[in-house]
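The structure appears below as structure tokens.
The values are calculated or read from the model by the stated rules, or taken from the named source; none is laboratory data. A quick note: this is a predicted structure, and the numbers were derived from the prediction, not measured. Virtual Cβ from ideal backbone geometry, glycine too; neighbours counted across all protein chains shown. Heads up: the accessible areas ignore ligands, DNA and RNA and are worked out on the full protein's heavy atoms, side chains in. Shrake-Rupley method; radii C 1.70, N 1.55, O 1.52, S 1.80 Å.
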Amino acid sequence: MEKFLNLSSIQRNLLVGSILGDGEITKIYRNSRRKNHSYREHYGLEQENYRIWKATFFPGLFYLTKKSQTMRSKSDPLFTELFPYFYSNRSKQVPIKLLKYCTSPYFLTALYLDDGSLSISKRINHRNKKIYLTPHIYLYLQSYPKEQLEVLKQHILDTFQIEFNLNKRRDGHGYILKGTSTDLTYNFLNLLSPITLTCESMYYKSNWEWRLKREEQELLKQFPNYQIVASSSSRFKNFTEDEVRKIILLKRSGVKDKDIAKSLCRSYWSVVYKIRELRLEGIL
């Protein structure tokens with residue numbers, strides 16, 4: 001474990017989350033000249049910027065080969081060390097012994113941006129001309145057996161106080177993880193937001209305010225006279241004059257955005273955007 005423990009906490013959490021997600025440790029085949037395993041992570045063109053962002057946390061270790069749309073490493077003792085934790089009988093597994101090191105939101109960030117989804121269910125009330133949107137968080141980890149997902153699910157609950165349920169699927173081993181409530185969705189995204197704020201290309205997954213605006217624009221093309229209502233929409237209502245004054249006071253006093261959000265019982269993203277508006281108006 002020497003190589004792994006020499007990584008920073010952020011690197012350890014990002015790496016484990018990435019290998020659990022889209023990443024893989026390549027195998028050493030018989031008669032190969034390689035002495036060590038390497039890392040490989042394929043991506044679609046639309047997620048290239050996300051891989052560039054992720055690689056910046058591992059200077060000198062990861063690089064992108066754009067022609068094959070792959071983020072990879074050279075052969076490295078680090079991946080030889082990690083291989084048995086992630087693979088058994090040629091099958092990928094949850095590295096249960098490594099979960100004790102996965103206590104940072106960076107772990108969930110990699111896992112979610114790799115294999116997660118912000119899904120939105122819609123309910124249209126034509127009589128009242130309202131469209132209700134409800135966000136849900138999914139982690140598509142059906143390649144892992146149910147009993148391993150149970151361990152991962154409990155680790156996430158114990159460590160981050162985020163509760164997922166096992167949800168049946170027809171592919172893979174038959175199960176994925178699904179958020180249990182709308183409040184979980186907001187809490188989950190707020191937990192990751194100080195990290196995901198720096199990766200704009202993945203806002204469609206990580207930034208609810210951004211995603212909500214996009215959904216509203218598309219729906220209003222079809223239903224121009226309808227009102228779009230998000231579940232728990234009180235979190236996104238316009239800021240009162242008292243709230244704006246409090247934001248200005250706290251920001252000028254050096255209070256961090258996430259602490260301002262907590263004091264107002266607002267989402268982190270909504271406060272970030274309000275502060276941007278105040279700066280554009282020359283108030284801050």
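Under 22 Å between alpha carbons, and skipping anything fewer than 8 positions from Lys74 in its own chain: which lysines qualify?
The reachable lysines, counting only those whose Cα sits under 22 Å from Lys74, are Lys3, Lys27, Lys35, Lys54, Lys66, Lys92.
By a straight-distance test (C-alpha under 17 Å), which aspartates and glutamates pair with Lys246 as possible cross-link partners, with residues fewer than eight away in the same chain excluded?
Here the aspartates and glutamates satisfying the reach criterion relative to Lys246 are Asp257, Asp259, Glu277, Glu281.
Report the normalised scattering of the range 203-284 as log10 I(q)/I(0) at q = 0.17, 0.18, 0.25 Å⁻¹, calculated by the Debye formula with identical scatterers on the alpha carbons.
-0.75, -0.82, -1.23
According to a simple spin-label model (label point 7 Å from Cα along Cα-to-Cβ), what is the distance in nm between Gln154 and Phe83?
Label at Phe83, label at Gln154, 3.1 nm between them.
Going by average Cβ neighbours within 10 Å, how do the peptides 209-215, 277-283 rank, with the highest at the top?
Values: 209-215: 16.1, 277-283: 10.6.
The peptides rank, most packed first, as 209-215, 277-283.
If you split all Cα-Cα distances of the range 1-109 into 5 Å bins from zero, what percentages do you get per bin, shortest first?
Taking every Cα pair in the range 1-109, the percentages come to 2, 12, 23, 26, 21, 12, 4, 1, 0.
Quick one: accessible surface of Arg276, probe radius 1.4 Å, all protein chains present, in square angstrom to the nearest 10.
Roll a 1.4 Å probe over it and Arg276 shows about 110 Å².
Rolling a 1.4 Å sphere over the protein heavy atoms, what is the accessible area per residue of the range 104-201, to the nearest Å²?
Working: 4430 Å² over 98 residues.
Result: 45 Å² per residue.
Cross-link list Lys146/Lys178; Lys168/Lys205; Lys97/Lys262; Lys129/Lys221; Lys153/Lys251; Lys146/Lys262: which exceed 25 angstrom alpha carbon to alpha carbon?
Distance filter (> 25 Å) returns Lys97/Lys262; Lys153/Lys251; Lys146/Lys262.
For the range 102-117, just list the computed ³J(HN,Hα) in residue order, Karplus coefficients 6.51, -1.76 and 1.60, θ = phi - 60°, integers in Hz, with x standing in for Gly and Pro.
Using θ = phi - 60°, the values come out as 9, 10, 9, x, 4, 5, 5, 4, 5, 4, 6, 5, 6, 10, x, 8 Hz.
Could you work out the equivalent-ellipsoid semi-axes for the chain, taking the square root of 5 times each eigenvalue of the Cα gyration tensor, largest first, in whole Å?
Values: eigenvalues 280, 103, 65 Å².
Here the semi-axes work out to 37, 23, 18 Å.
Taking Cα atoms of the range 59-196, Rg/Rh with Kirkwood Rh, to two decimals?
With Rg and the Kirkwood Rh in hand, the quotient comes to 1.04.
Using a 1.4 Å probe on the protein heavy atoms, what percent of the accessible area of the range 21-85 belongs to carbon and sulfur? Show your work: numbers first, answer last.
Details: 1930 of 3820 Å².
C and S atoms contribute 51 percent here.
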